Each structure stands twice: as structure tokens, then as C-alpha cells.
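Worksheet: one structure, shown below.
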Amino acid sequence: MDALPFVAWRGFVGAAALLVVALLVGTRVGGTSRYPRLSVLPRDRRVALIGAGMAGALLNIAMFAAFLRTEIAIALMCFYTFPALVTIAAVPLYGERLDRVRIAALALSSVGLLLVVLAPLLGADELLLDPIGVALALFAAVCQATFILISGRGWSPMPNLHVSTIVVGTVVILAVPLAFLVGQGGGFALPFQQPDVWIWILAGGITGAAIPTTAFITGIGLIGPSRAAILMTIEPLVGVTIAALFLGEQPGVLQLLGGAAVLVAAAVLQIAPRTAAETHIEPEFGPLV
């Protein structure tokens, strides 16, 4: 399945699932709005949410396209430059101090990520390094950093569940016309021609988009942009663990060492107290539902 049809179907399923949950939860708790409405936000945050949605959509499109053009490990390494971008940008934007603890955590997580992702390539006979794939992954990193930095200001009074619905659904608006523009429109019919494809679309939409997007947006509000970005380096480690459990791919010693480094960096980062500036600038996040 081509990247754009998959991304569009994934976004549609994820947004639909979030919308159903929002309607059900809103009905049960008697919320003021059972469906996402941009009008509840101040004007500047409406513009920001549209920008965040666009950044998230471009991130998804660029990353899946990068996976099809170059080695996944190479794409991931380019993509995971975003924690450094966020950590540096959060200094002037959020008053976060670039102290030794944060620098050490970022360096340790980066080294660990290198070991986790690149270790399987050390014994490879041939390495697929496509310049366009690398550029797409780096562009995705910029989009991810933009999304995190915009989201750091919060979305109150809009519930985070509604924010996630808009963010996940925005990718559909971009991916559908773009797919037809580049000649991938025929891919939208594939799930109806091969029904077994639906399981991957559902998995991608619910466990790959709806749940993590909601958790991510909520997490940014709880711990701040740079901490959330650095903690996201755990993601490839989770991927390696899942591959070991379900696909029989046993991690090597270097991957295990890298995973340990990422976990230590995460622990160090969370133990370190927040600075006075960070405590003063609290994002205004709405409730989860």
C-alpha cells in the first residue's frame, strides 16, 4: 500500500475512534461540548491548533514516505534529531534552562538511540541511503519539533481528547488530495480489494495514532516540551522490544546497552527538579475529556 493512502486511512480511523470516544464520554459526564469545536479556543490558539495539525499531518506523510525510500534505521536517526531541536528552542520560548542535567540526558539518550537503531546495520552487506528519504526524515523532525513547541502552550478550555481528534483528522485533509495529485489515488480501494489490509489500518489508526496522540498531547502539558521530546527516544526501544516478543527478532548486546542508556537518561531527566522559570510558565491545558 502506498504511503499516502495508508496515512489517510490511518488518520480517518484514528479520528473516527477519538470522535466516538469524545461523544460517549461527553454524554456520560455531561460536558459542555460532545464534539470538537475550534470556537471554544481564543483566536490565537485556533490558529496555533491549525498549525499544529498541519505540522502533525506533514510529519506523518514525510515519515512514511521516508520509510519507503531509505533504511528505516537511517530515517529514524534523522527523525530523532527533534529532541535536540525542541530542547534548544524551549530555552527562549519557555524559559527552560539548558542545564547540565538536561544536556547529559539528551546526550545519553542520543547515544543510546544510536546503539538501538544502528546496531542491526553494522553487519549489513548493503546500506540503502537515499538523499530524498533522508531529507524527508529531517523535514519530519522539524515538523515534530514544531508540533511539540506549539502544543506546549496548551489548549484550554478545549479537552485534550478533542484536540487529538482535530490533529489526527487533519492528516486526512492533506493526504487525500495529495495522493490523487501524485497518482496514488487508486490505493484507497486496496482495503476493499484485500480485506486483510483492514487489520493493519485499524492498528495504525487506533494504537498508532489515536491513543499515542492523546497521551502525547496530555504528557506535554504535564512535563513540558523538552522533557517530553527527550522521553520520546524510548519509542525505538519499545519497537525493538515488541519485535523481540512477537517477531522473534532478538536484540544484540549493543541494542541492550543502548536501551539501558535511554532508560537511564529518562530516569535522570524526571528526577531532576523543574527550574523556577519552568514552574512559572505553566501551559493552560484543558481536561482530558
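The values are calculated or read from the model by the stated rules, or taken from the named source; none is laboratory data. In this text, all values refer to a predicted model and were calculated from it rather than measured experimentally. Heads up, the Cβs are rebuilt from the backbone with ideal geometry, glycines too, and the neighbour counts pull from every protein chain shown. Remember, those area values only see protein heavy atoms, side chains included, never the ligands or the DNA or RNA. Shrake-Rupley method; radii C 1.70, N 1.55, O 1.52, S 1.80 Å.
Worth a mention:
- Test: Phe216 is farther than 19 Å from Phe79 by Cα and of a type in the set (Phe, Trp, Tyr): no
- Residue ID - farthest from Val167 (Cα to Cα), chosen from residues in the stretch 182-229 that are surrounded by 14 or more Cβ atoms within 10 Å (Cβ to Cβ) and of a type in the set (S, T, N, Q): Gln184
- Out of Ala75, Ala57, sole residue that is modelled with pLDDT under 90 and surrounded by 21 or more Cβ atoms within 10 Å (Cβ to Cβ): Ala75
Results for (1) within 22 Å of Ser226 (Cβ to Cβ); (2) in contact (Cβ under 8 Å) with a residue 60 or more places away in the chain, shown as yes or no for each residue.
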site	(1), (2)
Thr70	no, yes
Ala75	no, yes
Ala84	yes, no
Ile88	yes, no
Gly95	yes, yes
Asp99	yes, yes
Val111	yes, yes
Val116	yes, yes
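- Contact annotation: residue pairs with Cβ atoms under 7 Å, 6 or more positions apart or on different chains, pairing a residue in the stretch 34-54 that is of a type in the set (D, E, K, R) with a partner that is open to solvent by 60 Å² or more (accessible area, probe 1.4 Å) and modelled with pLDDT under 90, are Arg34/Leu23; Arg34/Thr27; Arg46/Leu38.
For every residue, the table says whether it meets (1) assigned to a helix (DSSP H, G or I); (2) modelled with pLDDT of 85 or more; (3) farther than 30 Å from Leu256 by Cβ; (4) open to solvent by 60 Å² or more (accessible area, probe 1.4 Å).
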position	(1), (2), (3), (4)
Leu85	yes, yes, no, yes
Ala90	yes, yes, yes, no
Leu93	yes, yes, yes, yes
Leu138	yes, yes, no, yes
Val168	yes, yes, yes, no
Leu174	yes, yes, yes, no
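- Residue in the stretch 144-155 that is aromatic (Phe, Trp, Tyr), open to solvent by 20 Å² or more (accessible area, probe 1.4 Å) and assigned to a helix (DSSP H, G or I) present: no
- Residue match in the stretch 125-132 (condition: open to solvent by 20 Å² or more (accessible area, probe 1.4 Å) and either part of a helix (DSSP H, G or I) or modelled with pLDDT of 85 or more (or both)): yes
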